[in-house]
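Please treat every number below as a calculation from the coordinates, not as lab data. Here the structure is a predicted model, which is why all the values come from computation and not from measurement. No Cβ is skipped: glycine too gets one built from the backbone with ideal geometry, and neighbour counts run over all protein chains shown.
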């Protein structure tokens with residue numbers, strides 16, 4: 001009976017498997033050795049780093065707030081037209097203070113725009129005192145800017161200088177307290193709802209809403225200066241859009257150069273005028289039927305010689321100056337307010353919706369008191385001049401095309417009138433030779449800088465401020481810029 005042979009007792013199959021196993025082991029060892037040798041003696045291949053995440057700008061802390069500051073609505077002189085007969089007799093629209101707080105984690109700034117003609121030193125100091133009592137040094141003279149929409153139909157009586165108190169029948173506490181309380185409350189509300197957010201900027205131009213009310217005077221500017229601009233007024237609308245980190249809107253702050261005088265000098269209703277109406281429309285878009293919600297505010301820029309009255313005429317006319325008043329574009333002041341306000345609203349709404357340029361960077365602020373009677377101004381490489389005490393000329397008494405003066409003075413007057421000069425000199429004193437020479441060629445009618453009875457007539461030391469948020473700078477000055 002036959003059997004299959006084996007080597008050393010192993011079958012042929014087992015021998016074959018053993019040989020294959022040994023061969024595979026040798027091959028694997030050889031491959032490993034080659035790989036080690038390559039790694040040891042060859043420079044490693046450069047590898048691309050993983051993609052970096054997109055840069056994340058540190059968000060700001062942002063707070064917005066609004067509060068009513070309407071005050072009395074009857075028998076209070078309205079501030080703006082310097083018309084002592086223009087006393088409140090009802091309400092057209094309520095007045096609001098709108099506040100914005102921006103904090104970069106180290107510093108914060110506050111910007112307030114209120115529906116008032118302007119901010120007086122007294123009003124500002126009373127607001128700062130109230131903030132100091134509540135918040136200590138968090139909100140101070142250097143980091144709080146107060147601004148007005150320049151409506152000419154808000155209550156007066158909140159100034160401390162004689163010139164402004166004449167037209168508003170003195171200091172009126174009933175006007176001051178609602179303004180102080182409203183401004184402080186708007187800052188309170190902004191302080192209480194601060195949250196992380198972002199700011200975006202956009203700008204565009206708005207036509208058919210403002211014109212130059214002194215075009216002949218503008219032509220006296222040097223030609224090379226006029227050639228730098230396309231128009232004789234600033235048509236730019238600047239919008240700052242505030243959002244939370246999800247991109248949902250928090251508020252909007254916008255600048256546009258136009259006088260808030262759609263409600264003319266015959267009006268006797270408290271009104272926020274065209275700027276306030278534009279804010280109302282934007283806020284109703286986002287807060288239908290409820291308050292406070294999002295805050296949408298407008299404030300002043302270089303609006304000194306702009307007017308919303310598109311059917312304008314010169315005050316230097318042959319008839320009585322008071323009759324040479326501009327109006328329009330509507331058939332009455334209420335329609336004009338609606339038209340101009342609607343135009344501003346539509347442009348700001350468009351710019352808000354398309355704002356994508358983010359504002360980033362630190363927050364800074366500065367404040368300085370300036371003696372405006374003694375500021376040196378270099379006019380060229382070899383000549384420097386100095387400012388002097390304030391004074392009002394004959395053209396001041398002419399008013400503007402938005403509201404002429406009571407007497408028949410004209411704009412642009414460079415010669416005095418012996419009759420009026422004699423009366424003013426006898427009642428109020430004649431200006432010094434130094435003041436006359438400094439103001440030349442303007443003929444001085446009221447020498448306010450040298451009049452201090454019963455209190456100073458005109459401020460001489462004023463405060464100026466600047467706020468910066470990243471690349472956005474806001475300059476606050478006590479005057480109207482052209």
Discussion item. For a test of the definition: using alpha carbon positions, the gyration tensor, and the 1.5 limit on a/c, classify region 376-450 as rounded, prolate or oblate.
Written reply: oblate
Worksheet item: Peptides 171-177, 274-280: what's the order by average Cβ count within 10 Å, highest mean first?
Response: 274-280, 171-177
Worksheet item: Among 191-199, 300-308, how do they line up from the highest to the lowest mean number of other beta-carbon atoms within 10 Å?
Response: 300-308, 191-199
Practice prompt. May I ask you to derive the relative contact order of region 353-409, considering only C-alpha pairs under 8 Å and at least 6 residues apart, and to give it as an integer percent?
Written response: 19 percent
Worksheet item: Which order results if 298, 159 are arranged by neighbouring Cβ count within 10 Å, fewest first?
Response: 159, 298
Discussion item. Place a point 7 Å from Cα of residue 166 in the direction of its Cβ. Which residues in region 78-109 have their backbone N less than 12 Å from it?
Written reply: 82-84
Worksheet entry | Protection proxy ranking of 95-104, 469-478, 76-85 - average other beta-carbon atoms within 10 Å, highest first | 95-104, 76-85, 469-478
